[in-house]
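Comments concern the structure below.
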Amino acid sequence: MSEAKAAGFNVDLYYVALDTVERNIERVKFRVALGGHDIPEDAIRRRYKGSLAHLPQALALADEAVLVDNSEIQPRIVFQLRAATSLASA
């Protein structure tokens, strides 16, 4: 993102997450039960924490951003940002 921004590109961010790391772990277990690929629990926990830790920096670089909570059946937009102006927050 930093390189794209420095090169003059418009940077858009679409961040889709679940509300808890435990829900991420449950989703992976469900996927595995259906024949999908597994991800070790420690990797899920590390990635979840790291992703959230990097989010403020990513938002600072974004010209537009949409944050989506995908915890329930229906995804929910919880935050939108356009040109450093907050449009909505839930």
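Okay, here's what the table says:
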{"quantity": "Meets criteria (modelled with pLDDT of 95 or more and loosely packed, with under 12 Cβ neighbours inside 10 Å) for Thr85", "calculated": "no"}
{"quantity": "Residues of the stretch 1-28 satisfying the condition of being part of a helix (DSSP H, G or I) and surrounded by 14 or more Cβ atoms within 10 Å (Cβ to Cβ)", "calculated": "Lys5, Val21, Arg23, Asn24, Ile25, Arg27, Val28"}
{"quantity": "Checking Glu72 against (1) under 13 Å from the mean Cα position of the chain (by Cα); (2) surrounded by fewer than 11 Cβ atoms within 10 Å (Cβ to Cβ), the condition it does not meet", "calculated": "(1)"}
{"quantity": "Every residue from the stretch 29-43 that is acidic (Asp, Glu), free of Cβ contacts under 8 Å to residues at least 12 places away in the same chain and outside any loop (DSSP other than H, G, I, E, B)", "calculated": "Asp42"}
{"quantity": "Enumeration of residues in the stretch 60-80 that are in contact (Cβ under 8 Å) with a residue 40 or more places away in the chain and either assigned to a strand (DSSP E or B) or at positive phi (or both)", "calculated": "Glu64, Ala65, Val66, Leu67, Val68, Asp69"}
{"quantity": "Neighbours by Cβ (under 6 Å, 6+ apart or cross-chain): first from the stretch 1-19, closer than 17 Å to Gln57 by Cβ; second in a loop (DSSP other than H, G, I, E, B) and of a type in the set (Val, Ile, Thr)", "calculated": "Met1/Val11; Ala4/Val11; Lys5/Val11"}
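The values are calculated or read from the model by the stated rules, or taken from the named source; none is laboratory data. Computed from a prediction, not measured in an experiment: that's the story for all the values here. For neighbour counting, all protein chains shown are included, and Cβ atoms are generated from backbone atoms with ideal geometry for every residue, glycine included.
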